[in-house]
Amino acid sequence: MELSTDHDHDHDHDHDHGHERAHAVGEITQAASAFLGSLSADQKAKATFHYLDGERIFWYYPPMNRHGLPLRDMDENQRSLAMAIVEKTLDPVAYHRTKQIIDHESILGPIEKEAGVISFSRNPELYYWTIFGEPGGEDPWGWRAEGHHVSLHFSIWGDKIIATTPFFFGANPAE
């Protein structure tokens, strides 16, 4: 799985790659700005932090209380805009995998309940989106989408993705 920015090939000085990278980052920035623009003041307060806030470097993939705006607190349009950030950042395979893992919570819940193995509530709406800093500004900014078995963190500065970690996909049961 690759990022849509083709950042793993930075050693290739082909000008087309640089243009593609800048274009992809522009699309990510537009997606994040559209998402933020769709939020109420209360939602935005949950979904945003300063870029240098310690929350940006925190990650934990097991189920737990998290900071950010969960899917359950978004309307359908906002959910679509949140997923657009992921779609614009990841390649199609990684984007599809992200959606599969989130949807998998709906499958595992009943299986675990039937087996009498319930340690927490499985809920595909307990995935949280967070924006750090101001998308498109002069300073670095980033985004995070995180929940049980998915933890995606990206930092952007200008027209470059400057950090792509932590990046975690998990599954239970494993494929």
- Specify which residue in the list S155, I57, S121 is farthest towards the positive end of the charge dipole of the range 7-169, using unit charges on the beta carbon of Lys, Arg (+1) and Asp, Glu (-1), about the Cα centre. S121
- Query: For the range 7-169, what's the relative contact order in percent, using C-alpha pairs closer than 8 Å and at least 6 residues apart?
  - Reply: 27
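Find out how many positive minus negative residues lie around D73, taking Lys and Arg as positive, Asp and Glu as negative, among other residues whose Cβ is under 14 Å from that of D73. Walk me through the numbers before you get to the answer.
On the way: positive: K44, K46, R66, R72, R79; negative: D42, D75, E76, E125.
Local net charge: +1.
Neighbour counts of other C-beta atoms within 10 Å: give me F58, F49 arranged from fewest to most.
Details: F58 14, F49 19.
Result, fewest neighbours first: F58, F49.
Arrange the following residues from fewest to most other Cβ atoms within 10 Å of their Cβ: Y60, Y51.
Values: Y60 12, Y51 17.
Ordered from fewest to most neighbouring Cβ atoms within 10 Å, Y60, Y51 come out as Y60, Y51.
How large is Rg/Rh for the range 7-169, to two decimals, with Cα atoms and a Kirkwood Rh?
Details: Rg = 16.4 Å, Rh = 16.5 Å.
Over the Cα atoms of the range 7-169, Rg/Rh equals 1.00.
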- Message: Considering only C-alpha atoms, what is the centroid distance from the range 87-116 to the range 124-144, in Å?
- Response: 21
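Laboratory data are not the source of any read-out in this text; all were calculated from the coordinates shown. Given the structure is predicted, the values throughout are model-derived calculations rather than measurements. Note that we place each Cβ from the backbone using ideal geometry, even for glycine, and neighbour counts take in every protein chain shown.
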